[in-house]
Structures are given as C-alpha cells and as structure tokens.
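Report on one structure; see the data block that follows.
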Amino acid sequence: MAYVPPHRRHSKESERPLPTPELLAPQFKKNSNDKQYNKSNVGWSGKVVYADNSTHRWCAIPLDDENQFPSFVNLEPVALESAEQTIGKNRVALINTSLNNEGSEVKWNLPRSPWESITENVLEDLLSAFKDMRNEMKSAKSKEEYPTLVAKVGKVLFHRSPSVNGASIRKELCTEILKQWRRSFYTNTPVSYKERIVNEVVPKIGVDFKDEEDIYEVQLSDSTKPDLPFSCKCRVMEEHGKLQPCTIKFNPVRNMVMDISCTTKNLDLRLMLCTKKLVTDLTDDEMQSITDLINSAILDPNVKGGLRWPLGKESSGDRYRVVRVWHVIANTYRNSSLTLKVKHTDRFDFRTLTGETSWWTSLVLENVVSKLQEENVEASTISEILKEDMQLIWENFLSCEPFLT
C-alpha cells in the first residue's frame with residue numbers, strides 16, 4: 001500500500017486529540033523557584049508566547065483541613081490516542097474515583113466554598129499581572145492592543161518522570177511534589193459534554209446565542225520576526241471558493257496562567273490573562289504577499305485542518321511560511337458579563353506533521369476585565385466579581401462523563 005502522509009489520513013469524529021505540549025513551570029507559591037517567562041520564550045510549535053515577568057502556577061481545590069488530597073482522589077496514568085508515539089506517555093491526572101457517570105460532585109463539608117478558595121488563590125497574581133500589562137500597553141501606546149481573561153475547562157495532565165512507576169505513583173500524591181512536575185492542559189471534551197452545555201447550561205445561566213462562525217485560522221511565521229508568530233482569520237469567499245484574510249493578529253501573549261485541579265469534580269479549570277494585538281503596520285507589499293499565500297490554499301475536507309497547498313507553495317519567498325491551520329466552527333453565547341464559546345476544531349501542524357480534532361469550551365470573563373480597567377478600583381470589588389464567575393463555572397461547567405482512561 002502506498003504511504004499516506006499523516007495530514008491526508010482520514011480521522012473519525014470520536015478520536016480524541018493529544019494534549020498540546022507546552023514549556024510550563026508548575027509553581028504556585030511565590031518563592032525563589034517561581035518560573036518567569038520572557039517574550040522570546042516560545043512553545044514547541046511556535047505559538048505560545050509569554051510576557052516579561054508572567055507567572056504560571058498550579059493549585060488543587062478543595063483539599064482537606066490538613067491541606068491534603070481527599071481519599072477518593074488518585075493520581076492515575078491516562079492513555080490518549082496519539083499521532084505521535086511519544087506524546088501521551090508518562091501522563092498522569094488527578095482522578096476522582098467517587099463520581100458517577102454524570103460526574104456529580106461529592107458532598108463534602110468544607111470551611112469555605114471552592115469558588116472562594118479559587119478567588120483567593122488567583123486574585124494577587126491577577127492584579128499584579130494586569131498592572132504590568134496596563135503599564136506595558138500604555139508605554140506601547142497601541143490602540144489595537146487589548147486584554148482578555150479566559151477560563152478554559154479540561155484536565156490538568158502531569159508529566160511524570162519515567163522513573164516513577166505505577167506502584168509508587170500514589171506516594172507522589174502531594175501538592176509539593178506535583179508543583180515540581182511539568183504539566184499541560186488537555187482541553188478536548190466529549191461530544192456529550194458539549195451537548196449538555198448547549199442544551200442545559202446555556203438557558204440556565206442566561207446567555208443568548210450571538211452567532212456561529214465557520215472560519216479558518218492560518219498561522220504564519222515571519223523570518224524577519226521569528227519570535228512574533230501571527231495568525232490570519234479567514235473566511236471562504238463563496239463567489240470563487242478561495243480564502244480571504246479578515247483580521248491578522250499576533251499570537252496572544254500570556255501574562256498569567258493559573259491551572260486549577262478541581263478535586264471533587266472530573267474537569268479542571270485554567271484561568272489565563274492574555275494580551276491580544278492586531279497586526280496593523282504591514283506595508284502594501286507585505287499584505288499582498290500574505291494575501292497571495294492565503295489565496296493559494298486549496299479547500300480539502302479530506303485533510304486535517306481542511307486546507308492544503310500545492311507542492312512548494314506553503315511559503316511566500318523566504319519570508320512568510322505556513323506553520324499550522326485550524327478549521328474552526330464556533331458557537332458564541334453572550335450576556336452583559338461574559339461570553340461563552342463552544343468550538344469544534346480540526347487542526348494540522350506543518351512542523352510536526354500531526355493533526356487532531358477536538359471540542360473546546362471556554363468563557364471570556366468580560367466583566368472582570370472591564371472592572372480591572374477602571375482607575376482606582378478596589379481589590380475587594382474585583383474579588384466579588386471573580387467569585388461570582390467562579391461559582392457559576394464550578395456549578396455548571398466542571399461535570400462530565402468519564403473520558404480519560
């Protein structure tokens with residue numbers, strides 16, 4: 001049988017994608033071991049960029065009175081289907097063994113609510129990171145730069161050392177040890193979870209349907225600015241069936257990331273404060289080169305990402321090159337305080353020659369960011385708003401059928 005490249009192989013809708021490997025530093029308490037990132041610190045595929053002095057921490061909530069994991073929480077290996085043999089090995093996750101098939105939460109007497117604990121753990125880093133972000137935005141004097149605070153649901157995966165075998169893994173169930181392990185955040189959830197969110201949670205929390213987008217995101221690298229990858233949001237022009245760039249943005253710069261293992265739930269939470277910036281300083285020749293490169297793409301539903309380029313046409317001269325493509329179908333729901341996005345993505349990475357499909361759910365916490373931007377806002381005001389959002393997420397978005405094996 002002739003060899004078929006990975007990106008031309010058919011994939012089933014039920015396939016679960018891999019967690020995206022990222023270079024992370026799992027520290028929670030502020031101490032000498034805290035990892036700080038520089039803008040030039042770019043992840044494995046060139047798409048993760050961190051701000052100066054950004055923080056990335058982890059915590060587990062709730063714990064018992066002695067700050068230990070409850071007895072029904074185990075650290076267990078997880079097996080993920082993988083296009084790459086090495087990814088998915090030596091991954092473990094905190095699994096609540098007492099949950100039923102619907103992921104109903106264990107009733108557990110706690111001195112305070114989980115959303116109060118999350119807020120207390122996040123608030124100081126959030127205020128500090130936003131202050132740094134605002135100062136940098138003022139110095140840049142860019143009107144095309146804006147902050148966003150995103151909550152993603154998924155599962156925190158720890159990357160254990162091969163020397164830690166299955167027999168000793170229970171001994172590693174300690175927050176101080178887990179803080180030292182590398183980790184990633186696995187965002188793919190089952191279709192049944194998506195259906196519950198759309199059919200049950202959306203009407204319950206009072207968000208209205210805004211729109212459905214069917215778009216392609218094409219990430220390009222620029223040889224003259226290797227540390228500043230950017231993405232083109234594109235739509236298909238019906239009259240000629242070609243892609244047309246709509247907006248061009250630099251990849252988000254992460255200012256703060258907090259990963260939260262939710263011990264009485266079977267989904268975890270990531271809170272991420274980012275800076276987004278439109279690309280507005282392109283010359284006519286640069287814009288034409290990018291447009292020509294995008295227009296040369298061929299729509300092909302039989303390849304991962306839904307796009308392919310004629311042989312040798314994945315670049316524009318020696319400057320712009322296609323790094324990855326995403327075909328995204330996203331439903332957006334909104335009220336005055338937040339925006340809920342439910343996305344189906346079909347992705348392909350040209351550097352690693354791997355692709356994946358996944359369902360993502362995220363919330364943009366607009367009310368928190370709006371208050372943060374006010375002059376002289378009290379920390380207590382931010383705390384109350386954040387606490388309300390965390391309660392809404394905890395009670396509605398962190399229950400799911402078992403999906404990691």
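Data for the structure
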| quantity | calculated |
| --- | --- |
| Within-14-Å neighbourhood charge of Lys242 [Cβ basis; K, R +1; D, E -1] | -1 |
| Greater than 22 Å apart at Cα, pairs in Lys204/Lys371; Lys204/Lys249; Lys131/Lys387; Lys131/Lys233 | Lys204/Lys371; Lys204/Lys249; Lys131/Lys233 |
| Pairs from Lys265/Lys343; Lys210/Lys313; Lys179/Lys276 whose Cα-Cα separation, in the structure shown, is over 32 Å | Lys210/Lys313 |
| Neighbour-count order for Trp309, Trp115, fewest beta carbons within 10 angstrom listed first | Trp309, Trp115 |
| Residue-by-residue Karplus 3J(HN,Hα) for region 226-237, coefficients 6.51, -1.76, 1.60, Hz, glycine and proline x | x, 8, 10, x, 9, 10, 9, 7, 10, 10, 7, 7 |
| Contour excess over end-to-end distance, with Cα ends at Thr280 and Glu384 and 0.36 nm allotted per residue | 33.8 nm |
| Efficiency of FRET between Gln373 and Glu120 - r from beta-carbon atoms, R0 30 angstrom, step 0.05 | 0.85 |
| Residues in region 222-264 that a label on Asp211 would reach, taking backbone N under 14 Å of a point 7 Å out along Cα→Cβ | 233-236, 246-247 |
| Sequence of Phe209, Phe250, Phe397 once ranked by neighbouring C-beta atoms within 10 Å, starting from the fewest | Phe209, Phe250, Phe397 |
| Estimated vicinal HN-Hα couplings, Hz - region 176-191 in sequence order (Karplus 6.51, -1.76, 1.60; Gly, Pro = x) | 5, 6, 5, 4, 8, 8, 5, 8, 9, 10, 8, 9, 6, 10, x, 4 |
| For q = 0.11, 0.18 Å⁻¹, Debye-computed log10 I/I(0) when each Cα of region 245-334 counts as one equal scatterer | -0.52, -1.02 |
| Sorted by Cβ density within 10 Å, fewest first, the residues Met272, Met258, Met287 | Met287, Met272, Met258 |
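We did not get these values from a lab; they are worked out from the coordinates using the rules stated. Quantities reported herein were computed from a predicted structural model and do not represent experimental measurements. Please note: Cβ atoms are built from the backbone with ideal geometry, for glycine as well, and neighbour counts cover all protein chains shown.
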